[in-house]
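The values are calculated or read from the model by the stated rules, or taken from the named source; none is laboratory data. Computed from a prediction, not measured in an experiment: that's the story for all the values here. Heads up, the Cβs are rebuilt from the backbone with ideal geometry, glycines too, and the neighbour counts pull from every protein chain shown.
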There are 2 protein chains.
Amino acid sequence: MKRSVENGAKHHVWGAPLLDSSLLGQKSHGFLGNCFYKPPEFHYLANFMSMNPVIEAIKSRRAIRSYEDKPVPGSAIQTMLEAATYAPSAINIQPWKFTIVTKKEEIKHISDIAKPLLLQTLPDIADEGLIRFRSALANPQYNVFYNAPLVVFISGAKSTYAINDCSMAAQNMMLAAYTLGIGSCWIGTANLAINTPKVKADLGVPEDHEVFAAVIFGYPKGGFPKAPEKRPPQILKRID
Amino acid sequence: MKRSVENGAKHHVWGAPLLDSSLLGQKSHGFLGNCFYKPPEFHYLANFMSMNPVIEAIKSRRAIRSYEDKPVPGSAIQTMLEAATYAPSAINIQPWKFTIVTKKEEIKHISDIAKPLLLQTLPDIADEGLIRFRSALANPQYNVFYNAPLVVFISGAKSTYAINDCSMAAQNMMLAAYTLGIGSCWIGTANLAINTPKVKADLGVPEDHEVFAAVIFGYPKGGFPKAPEKRPPQILKRID
């Protein structure tokens, strides 16, 4: 079937669902069938479909710890938050709630609470990495949030699977951010601080909730470096 | 700049990185710049780029609990496992290890261990949903893995953040699966069973490891239903 590019093109508008299902594959069997406009020339289609942009994004996203001093637009924050809410959750409870912080003083304040708490938990051994990390934590300039322009805290009522669900929501946010040119990093070193009663109150988190994740976002200084390769999957056992 | 479709097309091969960076945007500022071939006609480009296939996948993936009796190909399993390994992890520890089970008797066996353990934990109250669930669990035919042709168990050495990291790995697997037309569902109801010493030994999981996730995969019977809308993001507080 041959269709003009113009004909197909008008069926896509930003963020809107596909309007004409006749342009899609006959039967919807998943993402590629659902989402991709079928281009007119088959030889082009073959190459176009050969890309899997989701897997590409998963494999090229990487942690970013150096940011431009430039705010993350509100529309991008909204897109990222919506992506978070589409994570799976146990019995569809959707436990995630968000605190959005862009105020530099507040971010630095939480970092300053985090640093001594972290120092206390580090084992007192003469490991080189630990020695460097101790010295960083003792430096008043050091910010556990890497001076990112945006920190999003993900909280939820304490329940068995909220930690799993909120982690998947965080991963959705980081993947969505990446597609918008926005870098991210999960800041595990903030975990102790953000679950103190004082910081929870600051962040608007109810007492019976836990803060499961602190994730920083911003435009990466100098663009995205290539993601390092990960170790091949380690298979403990196959039972076939 | 006008390029023929043929000229651009030859630069993509299945799974291979882009070979000619001159076809890409001038500077790489994230996913769209990195991954997308720049098509020749601008009016087409404008519409093409307006799709965000990653966010589309995040928002249209949904749990699948009814599967065709058809195996998941080994190449798809490998792609999904690789996607898992590209999740972020605390201090890049990459804690995930995998057990792949396709043997129906083994899957049913673990389900049969899970059901009485689950029954014990259910509160003894006259809730309609709970009554239905109790009766399902008492039915010998009921399989907590929904007779899926593939179950992947994700384990890791016990450590503070392994549960977060393995949850993000699970989400990467489920997103990758979706792009391959493969449905999935995290089976939280298996959690008690899969952490008993007997089942851990069966699954090849070392004693000092925890099994963080059991995820089922397969081709959805009747295709993918439309994903239900989720609640809008709940923002506890903004600090600007």
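The table that follows gives values for the structure above.
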item: Scope the stretch B:64-81; condition under 22 Å from A:Ile58 (Cα atoms) and either in contact with a strand residue (DSSP E or B) (Cβ under 9 Å, 6 or more places away or on another chain) or free of Cβ contacts under 8 Å to residues at least 12 places away in the same chain (or both); matching residues; result: B:Ile64, B:Val72, B:Pro73, B:Gly74, B:Ser75, B:Ala76, B:Ile77, B:Gln78, B:Met80, B:Leu81
item: Any pair with Cβ under 8 angstrom, 6 or more apart, that starts in the stretch A:180-193 at a residue that is outside the structural domain of A:Gln78 (by TED's automatic domain parsing) and under 15 Å from A:Phe133 (Cα atoms) and ends at one that is of a type outside the set (D, E, K, R) and part of a strand (DSSP E or B); result: none
item: Hey, B:Ile91 surrounded by fewer than 16 Cβ atoms within 10 Å (Cβ to Cβ) and within 21 Å of A:Gln171 (Cβ to Cβ) or not; result: yes
item: Failed condition for B:Ala162, given (1) among the aliphatic types (A, V, I, L, M); (2) over 21 Å from B:Asn92 (Cα atoms); (3) touching a Pro at 6+ places or on another chain (Cβ under 9 Å); result: (2)
item: Residue within the stretch A:176-189 that is buried (at least 24 other Cβ atoms within 10 Å of the Cβ), in a helix (DSSP H, G or I) and more than 10 Å from chain B (Cβ to nearest Cβ) present; result: no
item: Number of positions in the stretch B:157-175 that are buried (at least 24 other Cβ atoms within 10 Å of the Cβ) and among the small types (Gly, Ala, Ser); result: 3
item: The stretch A:94-129, residues that are within 19 Å of A:Tyr142 (Cβ to Cβ), among the β-branched types (Val, Ile, Thr) and surrounded by 13 or more Cβ atoms within 10 Å (Cβ to Cβ); result: A:Val101, A:Ile107, A:Ile110, A:Ile113
item: Failed condition for A:Asp165, given (1) more than 13 Å from A:Ala213 (Cβ to Cβ); (2) charged (D, E, K, R); (3) modelled with pLDDT of 95 or more; result: (1)
item: Restricting the stretch A:218-240 to residues that are within 7 Å of another protein chain (Cβ to nearest Cβ) and either touching a residue at least 40 places away in the same chain (Cβ under 8 Å) or in a strand (DSSP E or B) (or both), the residue that is farthest from B:Leu81 (Cα to Cα); result: A:Phe224
item: Number of the condition not met by A:Val215 [criteria: (1) in contact with a strand residue (DSSP E or B) (Cβ under 6 Å, 6 or more places away or on another chain); (2) facing another protein chain (nearest Cβ under 9 Å); (3) within 23 Å of B:Asn92 (Cα to Cα)]; result: (2)
item: Residue identified as surrounded by fewer than 18 Cβ atoms within 10 Å (Cβ to Cβ), of a type in the set (Ser, Thr, Tyr) and either out of contact with any Phe, Trp or Tyr (no Cβ under 7 Å at 6 or more places or on another chain) or more than 14 Å from chain A (Cβ to nearest Cβ) (or both) among B:Tyr142, B:Tyr86; result: B:Tyr142
